[in-house]
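Notes to accompany the following structure.
The values are calculated or read from the model by the stated rules, or taken from the named source; none is laboratory data. Predicted, not measured: the structure shown is a model, and the values here were computed from it. Note that each Cβ is placed from the backbone with ideal geometry, even for glycine, and that neighbours are counted across all protein chains shown.
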Amino acid sequence: MIRQHSYWQLFSAVCKKDLQLAFRQRAEIVNPLLFFLIVITLFPLAIGPEPGLLARIAPGIIWVAALLSTMLGLDKLFRDDYHDGSLEQLIASSYPLPLTVLAKVVAHWIITGLPLVLMTPLFALLLNLDTNALIATVLTLLLGTPLLSFIGAIGAGLTVGLQKGGILMSLLVLPLYIPVLIFATSAIETSTMSLDYSGQLAILGAMLVVAILSAPIAISSALKVSVS
Amino acid sequence: MWKWLHPYAKADRAYQLCNTLLPYFAVITVVCMIVGWVWGLAYAPADYQQKDSYRIIFIHVPSAILSMGAYSSMAIAAIVALVWQLRNAELAVIAIAPVGACVTAIALITGAAWGKPMWGAWWVWDARLTSELILLFLYLGVLSLYHAFEDKKAAGRAASILAIVGVINLPIIHFSVEWWNTLHQGASITKFNTNAIDPSMFWPLMLNIVAFAAFVGTVTLMRLKNEILQREKHRPWVRQLLNRG
Amino acid sequence: MQFDSFSDFIAMGGYGFYVWLSFGSCALILIGILLSSLNDTKRILSSVQQQVDREARIKQAKLEQQV
């Protein structure tokens, strides 16, 4: 088969298509953000508005809320393509599937992860975080949310063919999120004590590199199983 | 070696192999478990620090070891299933998963029952207990993914992929939990000195580890036989089995 | 033997509840999975037997129709 387009063209085309679709129905971008905001509002209401207490548990709240809100978008990552048959076309095409998958995951991160990172200053305000912790939170979210997208996409790929895949997917994926959660919250916590947290960031970065290299392969084999 | 292994890719040969291995595993299980439990419960001396409560070690440690061992053998079977496209290996993944989940549950329950007299609480967020809990989640994930699929062929492959993803993540999870624990460790947790174990306690412990391993082997073989039968239902060799008795 | 009497053995130096709880639940789980595996074998074999019987009956009925 002759490949008419370069790999880069393929990557940007798939990415662009997903972004365009998301921007057309803006709810897809806004809803996870709203969910994130509401979850964060619930915590002070549940445990009391003491600023000191809030600042102490803020890293945990932000990260658990981030985990849950990325789960919302994951379900839709491959589902629409699966139902309209374009997923089958992507698998059958002569272009490497891991690359297509990589483009889709990147698009998913731009839709769900990036807005979260951009909105963090607002949440930091709500939870009484100081500037030091705010910078740490932004950095960990910047490294951590793409990781969540990559790991989550494996679960999404495995469950895309199932009728009620959503809840099952969260069962499969959430245990795998634990290392990200641990290192990210610890980085923020260390920063509130004005200590050096570059170690945690380095580990998150290393995990991200491993995920970028290996997750697309796992996702594409999962998709092949789901479609066949 | 490949020539020797090749026939076992066929279902009926694999079934026969399971049948011939099964009695050995069963005998080892029964003998080692009875001797190990009686020895551990009645004859091993009491620990000078923990008194008789330490006897839980004789099932806690074997089940913890086997929970990891069963997961790694499941992952090896999954890799074989995906790389060489062997259906029998997929069935082995599904045969091991429930056994591994049970052994992990035992490790958790005995850990809690040991923690209550030693640490004063049923559950403490100890690194090893926490990793064990996450391991249980991974087992349950593989099982529920398998049972969610209608098409059992796809189910086997999906479960294999998840098992491999899990085994890559497991060291990272374990490391991160251990690291998290050293950060947050409370003063109430006492570390046990496990390096120096007296021979009078070591041998019953070894015996129990062998017993648990043989038990996992026995039940896995039984479940593998079931899976093969279930898949080969309509083949003549299964029908011949009925006539034989 | 580490224990002087049977009641000592049950008491486990005051830790009886925890020791027997863990050994009991362990035995229960092990026996549980063993029985469920045995039960599965029985179920599968009987379903194969049913299928064989059904096919035999169909064959029989066809033969009778021909006669």
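Values as computed for the structure displayed
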item	result
Residue list for the range C:1-24, restricted to those being hydrophobic (A, V, I, L, M, F, W, C) and at the interface with another protein chain (Cβ under 7 Å from one of its Cβ atoms)	C:MET1, C:PHE3, C:PHE9, C:MET12, C:VAL19, C:LEU21, C:PHE23
Subset of the range C:30-62 (residues that are acidic (Asp, Glu) and surrounded by 14 or more Cβ atoms within 10 Å (Cβ to Cβ))	C:ASP40
Subset tally (residues that are under 22 Å from B:TRP237 (Cβ atoms) and among the β-branched types (Val, Ile, Thr)) for the range C:15-57	4
Check on A:SER191, among the small types (Gly, Ala, Ser), in contact (Cβ under 8 Å) with a residue 40 or more places away in the chain and in a helix (DSSP H, G or I)	yes
Residue in the range B:128-145 that is surrounded by fewer than 18 Cβ atoms within 10 Å (Cβ to Cβ), among the charged types (D, E, K, R) and either modelled with pLDDT under 85 or touching a helix residue (DSSP H, G or I) at 6+ places or on another chain (Cβ under 7 Å) (or both) present	yes
Breaking point among (1) facing chain B (nearest Cβ under 8 Å); (2) without any contact (Cβ under 8 Å) to a residue 24 or more places away in the chain; (3) closer than 21 Å to A:ASP80 by Cα; (4) not aliphatic (A, V, I, L, M), for A:GLY165	(2)
Total residues in the range B:226-243, condition of a type outside the set (S, T, N, Q) and within 7 Å of chain C (Cβ to nearest Cβ)	5
Residue check for A:ALA55: of a type in the set (Gly, Ala, Ser), modelled with pLDDT under 85, farther than 14 Å from A:ILE111 by Cα and not in a loop (DSSP other than H, G, I, E, B)	yes
Residue within the range B:211-227 that is over 14 Å from the mean Cα position of the chain (by Cα) and of a type in the set (D, E, K, R) present	yes
Enumeration of residues in the range B:19-46 that are of a type in the set (Ser, Thr, Tyr) and either surrounded by fewer than 16 Cβ atoms within 10 Å (Cβ to Cβ) or not in a helix (DSSP H, G or I) (or both)	B:THR20, B:TYR24, B:TYR43
Tally of residues being facing chain B (nearest Cβ under 10 Å) and of a type in the set (Val, Ile, Thr) across the range A:168-212	8
Single residue of A:SER226, A:SER214 found to be hydroxyl-bearing (Ser, Thr, Tyr), under 19 Å from A:ILE154 (Cβ atoms) and surrounded by fewer than 22 Cβ atoms within 10 Å (Cβ to Cβ)	A:SER214
Extreme residue, surrounded by the most Cβ atoms within 10 Å (Cβ to Cβ), among residues of the range B:81-103 that are facing another protein chain (nearest Cβ under 10 Å) and under 17 Å from the mean Cα position of the chain (by Cα)	B:VAL103
Residue in the range B:50-80 that is nearest to the chain's Cα centre (by Cα), counting only those that are within 14 Å of chain C (Cβ to nearest Cβ) and hydroxyl-bearing (Ser, Thr, Tyr)	B:SER67
Residue within the range A:156-178 that is outside any loop (DSSP other than H, G, I, E, B), at pLDDT below 85 and under 15 Å from A:TRP63 (Cα atoms) present	no
Any hit, the range B:144-157, residues being more than 23 Å from C:SER36 (Cα to Cα) and within 14 Å of chain C (Cβ to nearest Cβ)	no
Qualifying residues in the range A:81-99 (those that are small (Gly, Ala, Ser) and free of Cβ contacts under 8 Å to residues at least 12 places away in the same chain) - the one farthest from A:LEU158 (Cα to Cα)	A:SER93
Flag if C:ALA27 is within 30 Å of B:VAL216 (Cβ to Cβ) and either more than 10 Å from chain B (Cβ to nearest Cβ) or surrounded by fewer than 16 Cβ atoms within 10 Å (Cβ to Cβ) (or both)	yes
Answer from A:LEU148, A:LEU142 - the residue that is modelled with pLDDT of 90 or more, in contact with a Ser or Thr (Cβ under 6 Å, 6 or more places away or on another chain) and in a helix (DSSP H, G or I)	A:LEU148
Test result for B:ALA158, over 23 Å from B:ARG231 (Cβ atoms), at pLDDT 85 or above and in a helix (DSSP H, G or I)	no
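Every residue, every condition in (1) more than 30 Å from B:ASN208 (Cβ to Cβ); (2) part of a helix (DSSP H, G or I); (3) over 15 Å from the mean Cα position of the chain (by Cα); (4) of a type in the set (Val, Ile, Thr), yes or no:
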{"position": "C:GLY13", "(1), (2), (3), (4)": "no, yes, yes, no"}
{"position": "C:LEU21", "(1), (2), (3), (4)": "no, yes, yes, no"}
{"position": "C:CYS26", "(1), (2), (3), (4)": "no, yes, yes, no"}
{"position": "C:ILE33", "(1), (2), (3), (4)": "no, yes, no, yes"}
{"position": "C:LEU38", "(1), (2), (3), (4)": "no, yes, no, no"}
{"position": "C:VAL48", "(1), (2), (3), (4)": "yes, yes, yes, yes"}
{"position": "C:GLN51", "(1), (2), (3), (4)": "yes, yes, yes, no"}
{"position": "C:ALA56", "(1), (2), (3), (4)": "yes, yes, yes, no"}
